[in-house]
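Reading through the structure tokens given below for one structure.
The values are calculated or read from the model by the stated rules, or taken from the named source; none is laboratory data. Just so it is clear, the structure is predicted and the values come from calculations on it, not from any experiment. Cβ coordinates were reconstructed from backbone atoms using ideal geometry, including for glycine residues, and neighbour counts include every protein chain displayed. The area values use the complete protein model at the heavy-atom level, side chains included, leaving out ligands, DNA and RNA. Shrake-Rupley method; radii C 1.70, N 1.55, O 1.52, S 1.80 Å.
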Amino acid sequence: MAVAAADRSGVRRLAYPVWPAGVRLHRHFAMPLSGQERLAKCSAIKRYKTQAGRITDDPDGFAMTRAQIAAFSGPYEIFVDEGR
């Protein structure tokens, strides 16, 4: 319903690729982040136990690797343009 409404109104639809590393993205663009925005994003990533690997009650639990954290800590936010 939201996609149809956006299409009718001509609003640009953007998607945020959650796991972009190693995936070829089509019709994407990079939005530069300020130093303060990067710092806030890195701080947020480190605060979440599931992303920082501090879950101790599930040996098979998910944790982001250093490479994944680095990919999310870059100087840009990547968005995919899904059209108008």
Selection within the range 39-63 - modelled with pLDDT of 75 or more and aliphatic (A, V, I, L, M): Leu39, Ala40, Ala44, Ile45
Contacts under 7 angstrom Cβ, first residue in the range 69-84 being over 29 Å from Ala5 (Cβ atoms), partner part of a loop (DSSP other than H, G, I, E, B) and open to solvent by 40 Å² or more (accessible area, probe 1.4 Å), 6 or more apart: Ala71/Ala21
